[in-house]
Ligand code: KG4
Ligand code: ZN
């Protein structure tokens, strides 16, 4: 059987990324042009700046991905592109580039949900075994997704307010740390102790939903109260306490859902999956559950990239999904 070569294109936020993946599992090239430095001085992603960077970078990144893979468009079997969710102006650049290339070279087009991409990053590490549960934690999402087979996604829990990564970024801003705050808090947390009492939002009994805005406010109040009293709080301890609260809720709910749903495999996904504390607590928790395999992708595949979009797109393509040239970006796309 001939190899399947799929090109993935991802522009939903602040990375312009193109990758080529062979047979859904093997990365042949993986180019990510990050814009972090351009957004840093604004303390977050500025949508207008993101779009402009994508326009400037997309052609270069497309060429680079082909060059690194030593292939041309004639070798590509399908183009997979992130349709949503994300910033509309950013998504549009990727979707239009994908449509242009697909049209010009007569290559089939496949649309991919960004979160499906994050989940399928795991298939670049190991084969998926069903039923599986994925904990998706990123700057825009915090979800527990149940999958009984390829292409079937059921959200069994999600955040009711802030995403985990968003909470990290906001807490980092309170501590005057640069954007993106997640890695900064992660680093600080390891130098401190979780001695400050912060809330954990368990919500109603049995709920797999999350909430991080109360925790975020508690951190901000702790800092303000200390300032007013002229006391000093060690930022390391605050970071450690905040991180302990986030991880406690994420891991406890993931373990409970995995048991209740008779899960074979748990996949960690999204930018916050790069968190060292989360990785180690989750690993320890699943070490005790012998029947459930835990998969954690390497850091490079946790944050936004196009290999994950090509991986998900390969499966959708083989299932027969095709997008027409009328494909439009959808910033609020449901999984
Ligand atoms: O998946 P991603 O690259 O983009 C979205 O789709 O949102 O996730 C970015 C998020 C940011 O909020 C960033 O602060 C967070 O992931 N992040 C981390 C770490 N590395 C990145 N959060 C906690 N600890 C980390 N080590
Ligand atoms: Zn993402």
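Only the coordinates and a few stated rules stand behind these numbers; no lab work does. Everything quoted here is computed from the prediction, not taken from an experiment. Using ideal geometry, Cβ is built from the backbone for each residue, glycine included, and neighbour counts are taken over all protein chains shown.
When peptides 216-226, 269-279 are sorted by average Cβ neighbour count within 10 Å, with the highest value leading, the order is 269-279, 216-226.
Using just the helices of the chain, give the 222 nm mean residue ellipticity in deg cm²/dmol: DSSP H runs with n ≥ 4 each add -39,500 (n - 2.57), and the total is spread over all residues, rounded to 500.
Values: 11 runs with 143 residues, N = 335.
For the chain, the value works out to -13500 deg cm²/dmol.
Between residue 100 and residue 203, what length in nm is gained on full extension when 0.36 nm per residue of separation is reduced by their alpha carbon distance? Mind showing how you got there, number by number?
On the way: separation 103, 0.36 × 103 = 37.08 nm, distance 4.64 nm.
Contour length minus the Cα-Cα distance gives 32.4 nm.
Here the simple spin-label model places points 7 Å from the Cα toward Cβ, and for residue 291 and residue 225 these points are separated by 4.4 nm. The packing ranking, built from the mean of other Cβ atoms within 10 Å per residue, places the peptides 305-313, 109-117 in the order 305-313, 109-117, highest first. The label point for residue 63 and the one for residue 127, both projected 7 Å from the Cα toward the Cβ, are 4.1 nm apart.
For the pair the range 306-335 / the range 1-55, the C-alpha centres are spaced 15 Å from each other.
Students often check this: by mean Cβ neighbours within 10 Å, which of 248-261, 10-23 ranks highest, and how do the rest follow? Display every interim value, and only then the final one.
Working: 248-261: 18.1, 10-23: 26.6.
Going from most to least packed, we get 10-23, 248-261.
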